[in-house]
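Only one structure is covered here, and it is reproduced in the block below.
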Amino acid sequence: MKSDLETALATRILVLDGAMGTMIQRHHLEEFDFREGAFEQHDKSLKGNNDLLSITRPEIIKDIHRQYLQAGADIIETNTFSGTTIAQADYGLEHAVYHINFESAKIAKEVCAEFTDRKRFVAGSIGPTNRTASISPDVNDPGFRAVSFDDLVVAYKQQVHALLDGCVDILLVETIFDTLNAKAALYAIDEVFDERGMKVPIMVSGTITDQSGRTLTGQTTEAFLISLSHMPLLSIGLNCALGASMMRPYLQILDEQSTFAVSAHPNAGLPNEFGQYDESPQMMAQQIRGFLEEGLVNIVGGCCGTTPDHIRAIAEIAKEFSPRPIVADLSK
């Protein structure tokens, strides 16, 4: 029998939520907000460690989730983009990783349960970490690596265990700038599935960094797809870096060659000189209409600079279109 998620994916275009960081910035939080309770005596500054807010200010994160669900999101992402020991090492909070991921998943599930009109889903957000396994950070030592594949696997396994304990419906490996990092995440997920005797659907989303159509580590969109197609994914897609208009040619490649569902959650345009995103909900939704008219995607949402207003406008347009057909064997 098909799962609720598979049934939904076959019958309509699913809507992913928008930016978490953009919404958090509206609260103008200070150091204390990131310390309240468990971390008041911590010896490093924690301001800006947004994942911690799932523990210290859960009501803020719940409200953001709620706003996206009210706007029409079918899938919301956990507040765990930096929820690995590798990323949390900058704050000296490696010991808090399980708590961050578990609580983030738990509160997202709680908010989804408030909505009874249709099934809503929680995707455990697995970010790329702040290190790359394929490129040296030292131009004078090209053979050096700041992180190994095995290091990444250990870190990702810890995160995945906690997300699954928090009962996420999906695992989303996102904002991939280095496919080797993503391979480590998928290897870790596979090991965790074997250890636990269970599986949940996996979404993968890469980042094309500029109009060359390549990831930061130099892969083309086609190479990115081929590199990860050995895994039985729910979807593969693109997010971040580019606005919707610039993302279109790379989604066309995925549409033509992917045997999985295709997802897209672009930024609200490119950042201006102040680091802000200028595309209005209406502007962005009209650009995404082009994706839908071409039948390029199955899942669509927003990344940097997007808000519940953007997601509401996208959700309204998504209702007008049927999802992209998923062909398991493109040779037929």
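The values are calculated or read from the model by the stated rules, or taken from the named source; none is laboratory data. All values reported here derive from a predicted model rather than from experimental measurement. Heads up, the Cβs are rebuilt from the backbone with ideal geometry, glycines too, and the neighbour counts pull from every protein chain shown.
Quick test of your reading of the structure: residue 32 fulfils all but one of (1) assigned to a helix (DSSP H, G or I); (2) crowded, with 17+ Cβ neighbours inside 10 Å; (3) not β-branched (Val, Ile, Thr). Name the failing condition by number.
(2)
Within segment 288-318, how many residues turn out to be buried (at least 19 other Cβ atoms within 10 Å of the Cβ) and not hydrophobic (A, V, I, L, M, F, W, C)?
Within segment 288-318, residues that are buried (at least 19 other Cβ atoms within 10 Å of the Cβ) and not hydrophobic (A, V, I, L, M, F, W, C) number 9.
Condition (residue is outside any helix (DSSP H, G or I), in contact with a helix residue (DSSP H, G or I) (Cβ under 6 Å, 6 or more places away or on another chain) and among the aromatic types (Phe, Trp, Tyr)) applied to segment 103-116: is it met by at least one residue?
Checked segment 103-116: at least one residue is outside any helix (DSSP H, G or I), in contact with a helix residue (DSSP H, G or I) (Cβ under 6 Å, 6 or more places away or on another chain) and among the aromatic types (Phe, Trp, Tyr).
Can you tell me which of (1) in contact (Cβ under 8 Å) with a residue 40 or more places away in the chain; (2) small (Gly, Ala, Ser); (3) surrounded by fewer than 24 Cβ atoms within 10 Å (Cβ to Cβ) is the one residue 123 doesn't meet?
(3)
Can residue 236 be described as surrounded by 15 or more Cβ atoms within 10 Å (Cβ to Cβ), among the aliphatic types (A, V, I, L, M), at pLDDT 95 or above and more than 21 Å from residue 176 (Cα to Cα)?
No, not satisfied.
Of 76, 61, which residue is outside any strand (DSSP E or B), within 20 Å of the chain's Cα centre (by Cα) and either touching a residue at least 12 places away in the same chain (Cβ under 8 Å) or more than 19 Å from residue 172 (Cβ to Cβ) (or both)?
Checking each option against the conditions leaves just 61.
If you check 44, 119, which single one turns out to be in a loop (DSSP other than H, G, I, E, B), farther than 22 Å from residue 174 by Cβ and at pLDDT 95 or above?
On inspection, the qualifying residue turns out to be 44.
Which members of segment 59-83 meet the condition of being under 14 Å from residue 123 (Cα atoms) and of a type in the set (Val, Ile, Thr)?
75, 76, 78, 80
Only one of these conditions is not met by residue 273: (1) among the charged types (D, E, K, R); (2) over 14 Å from residue 19 (Cα atoms); (3) at pLDDT 95 or above. Which number is it?
It fails just one condition, (3).
Taking the residues in segment 43-94 that are touching a Ser or Thr at 6+ places or on another chain (Cβ under 7 Å) and charged (D, E, K, R) as candidates, determine which candidate is farthest from residue 310 (Cα to Cα).
Checking each candidate, the answer is 94.
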